[in-house]
Structures are given as C-alpha cells and as structure tokens.
1. Just name the residue that is nearest to His75 (Cα to Cα) out of those in the stretch 124-137 that are out of contact with any Cys (no Cβ under 7 Å at 6 or more places or on another chain) and surrounded by 13 or more Cβ atoms within 10 Å (Cβ to Cβ).
2. Please return the ranges of strands (runs of 3 or more DSSP E) entirely within the stretch 44-143 where 2 or more residues are among the β-branched types (Val, Ile, Thr) and under 30 Å from Arg19 (Cβ atoms).
3. Would you say Pro37 is closer than 22 Å to Asp103 by Cα, part of a loop (DSSP other than H, G, I, E, B) and at pLDDT 90 or above?
4. For the stretch 64-79, enumerate the residues that are modelled with pLDDT of 80 or more and out of contact with any Asp or Glu (no Cβ under 9 Å at 6 or more places or on another chain).
5. For Ala30, only one of the following conditions fails: (1) more than 12 Å from the chain's Cα centre (by Cα); (2) part of a helix (DSSP H, G or I); (3) at pLDDT 90 or above. What is its number?
6. Return a yes/no flag: does the stretch 81-93 have any residue that is over 12 Å from the mean Cα position of the chain (by Cα), modelled with pLDDT of 80 or more and closer than 14 Å to Pro37 by Cβ.
Amino acid sequence: MSQQLDGSTVELLSAHNIRVTPQRVAIFEALKKMKHPTAEQIMNQLRPDYPNMSMATVYNTLRYFKQTGLVRDIHCGEDCTRFEVSKESHNHLICETCGCIEDMDLDLFINFGAIAERFGFKLDAVNIELYGQCRSCREKREE
C-alpha cells in the first residue's frame, strides 16, 4: 500500500537524523493530529492504513522520538502514558478520573532557574502538571 509522506515531517525527522520510514512518518503525523493520544490510540488510528504494524513498532518509535526530543510523554495515572509533539513550553491539567489532559499556559513570574541554582542544580526544563477532576467527571459524580 502506497502512503503519501508529509514533506515537512520527512524534513523534520531527517533533521533529527531519524531514518525516515512510512510508519515513523505516520506515527508522527498521528501525534500532530491527535490530542494527547496513548500509544494504543495511535495504533488504532493507523491500523486501517498499516495493518501489519505492531504495537512494538509504535512503542519503539515513540521512545525513539522522545529520546531525540521530538515527543514528550505525559504520565496521567498509574498505567496511563500519553504523548504529544514537543512544542513551546506549556503545562497540563490532568484529570485523575478519566485521564483527559488540557494544555495550559501559565504566566508565572517565578524564576525557576534561580531557585534551581540556589541548590546547585542546572535547570533544563520546567514541567508543571496539575491533577484533579475535569468538569465532565465532576458533573457525572454529582448526578
């Protein structure tokens, strides 16, 4: 089956010295289109076009993308990991009931670098995740 490869994704993968395969392009494209998917959701999305692709391929590709900095993983529960394309710094609201994730931009004027430096720590990134219940889960509980 011939798949149309997205030129910008091919260029991005190549720029990160990642060997371009149709499966890797498809996984990255699915990540760009889906909102914080799990590996299983990515697999289900791609199964019609890639019936021979295995879950191992999806997991290995996501791990490789993460190692190269293209993808971030978000832990949203004991056995739940979701993924997103790395982009400008942002933080997350995570529902502990259903696992949904909302992006949030914080206008914090906290100098995290200075705090880290005080402890002799070199800061590479700041990641804030707020956990609770989303409106939908709260409303269901109140019924």
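1. Ranking the candidates gives Glu129 first.
2. Numbers: elements: 71-75, 81-85, 91-95, 101-104, 129-132.
Result: 71-75, 81-85.
3. Working: closer than 22 Å to Asp103 by Cα: yes; part of a loop (DSSP other than H, G, I, E, B): yes; at pLDDT 90 or above: yes.
Criteria met by Pro37.
4. Taking the stretch 64-79 as the starting set, the residues that turn out to be modelled with pLDDT of 80 or more are 64-74.
Selection gives Tyr64, Phe65, Gln67, Thr68, Gly69, Leu70.
5. (1)
6. No, the stretch 81-93 has no match at all.
The values are calculated or read from the model by the stated rules, or taken from the named source; none is laboratory data. This is a predicted model, so every value here is computed, not measured. Don't worry about glycine lacking a Cβ; one is built from the backbone with ideal geometry, like all the others, and counts go over all protein chains shown.
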